[in-house]
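The values are calculated or read from the model by the stated rules, or taken from the named source; none is laboratory data. Model, not experiment: these values are computed from the prediction. Here Cβ is always computed from backbone atoms with ideal geometry, including for glycine, and neighbour counts include all displayed protein chains. Quick note on the areas: whole protein, heavy atoms, side chains included, nothing else; ligands and nucleic acids left out. Shrake-Rupley method; radii C 1.70, N 1.55, O 1.52, S 1.80 Å.
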Amino acid sequence: MAEQIPFSDVALATNPEPRCPCVLLIDTSGSMAEVVSGTGRDLGRTAQVDGKTYRVVSGGTTRIDLVNEGLRAYQTDVTNDPLAAQRVEVSVVTFGDTVRTVTPFVTTSQFTPPVLTANGETPMGAAILKAIDAVTERKREYRQNGLHFYRPWIFLITDGEPTDAWEAAAARVREGEEKKQFAFFAVGVEGANMDRLKQISVRHPLHLKGYSFKEMFLWLSQSQRSVSHSNPGQEEQVKLAPPAGWASL
């Protein structure tokens, strides 16, 4: 009987382009279900979610809705660039009721944006460790298939703070940055503990202006498109657009 080859291995074998991998590490805790536009219909009760008290409403646009919109804009923008669509790889890891890999690494030409929902707490420490392990394994697969690659990005988006142990994750981030194993970016949405993010991220965390999720994802797309047009190992020379339009320090 013929050996069955995993799809990911087939994709690596049939596309010889160097890879530009990015883990989107997205907070899907209960507070990301907060309605931020459109009033919704007040149902006359409150609920404790992710350590905060909210009025329960029906309808309106939530933070996670805007994240989903941003993911769709990201996919569309990257795939408008034929070279980037073959080189940029994305994986989506979420943390809320649990830490899960929603989308394993695929090129953006094959990426179908997931529809995320929000529930649970904020196990950020475990999520960061999972993301680091994912990029480590993906680099091993690239080497095994003889592919060149750019330094991976881990792009964290959160509106809270870790509800689990985070110190080991912070140490892994520092080690990974020092050894240039990956680049770790942190974005805090309204309500995020920015002081805690400063303890985790070597790079200064960014504070999202309002709910500019779509603008943030388009910046990410444009940045990865620029990197993917450089030569692997020279991506540090690529000048990225400042995030001033959607974030502040």
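Tabulated data
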item: Neighbours by Cβ (under 6 Å, 6+ apart or cross-chain): first from the range 113-136, within 15 Å of N68 (Cβ to Cβ); second among the acidic types (D, E); result: N119/D97
item: Of the criteria (1) outside any strand (DSSP E or B); (2) free of Cβ contacts under 8 Å to residues at least 40 places away in the same chain; (3) within 18 Å of the chain's Cα centre (by Cα), which one R143 fails; result: (3)
item: Qualifying residue in the range 224-241 (condition: modelled with pLDDT of 95 or more, open to solvent by 40 Å² or more (accessible area, probe 1.4 Å) and closer than 25 Å to E69 by Cβ); result: yes
item: The range 182-223, subset farther than 24 Å from P82 by Cα and acidic (D, E), residue surrounded by the most Cβ atoms within 10 Å (Cβ to Cβ); result: E190
item: Flag for P104 being open to solvent by 30 Å² or more (accessible area, probe 1.4 Å) and not β-branched (V, I, T); result: yes
item: Test set (1) open to solvent by less than 70 Å² (accessible area, probe 1.4 Å); (2) out of contact with any strand residue (DSSP E or B) (no Cβ under 8 Å at 6 or more places or on another chain); (3) more than 28 Å from E69 (Cβ to Cβ) - E177 fails condition number; result: (2)
item: Matching residues in the range 87-113 - criterion: being in a loop (DSSP other than H, G, I, E, B) and of a type in the set (V, I, T); result: T98, T112
item: Selected residue (only one of T112, T108, T103 is among the β-branched types (V, I, T), farther than 14 Å from C22 by Cα and under 17 Å from the mean Cα position of the chain (by Cα)); result: T112
item: Condition check for R151: open to solvent by 20 Å² or more (accessible area, probe 1.4 Å), in contact with a Phe, Trp or Tyr (Cβ under 9 Å, 6 or more places away or on another chain) and without any contact (Cβ under 8 Å) to a residue 24 or more places away in the chain; result: no
item: Test: residue in the range 29-46 that is at pLDDT 95 or above and farther than 30 Å from D164 by Cβ; result: no
item: Residue among A118, A84 that alone is in a helix (DSSP H, G or I) and either open to solvent by 60 Å² or more (accessible area, probe 1.4 Å) or modelled with pLDDT of 95 or more (or both); result: A84
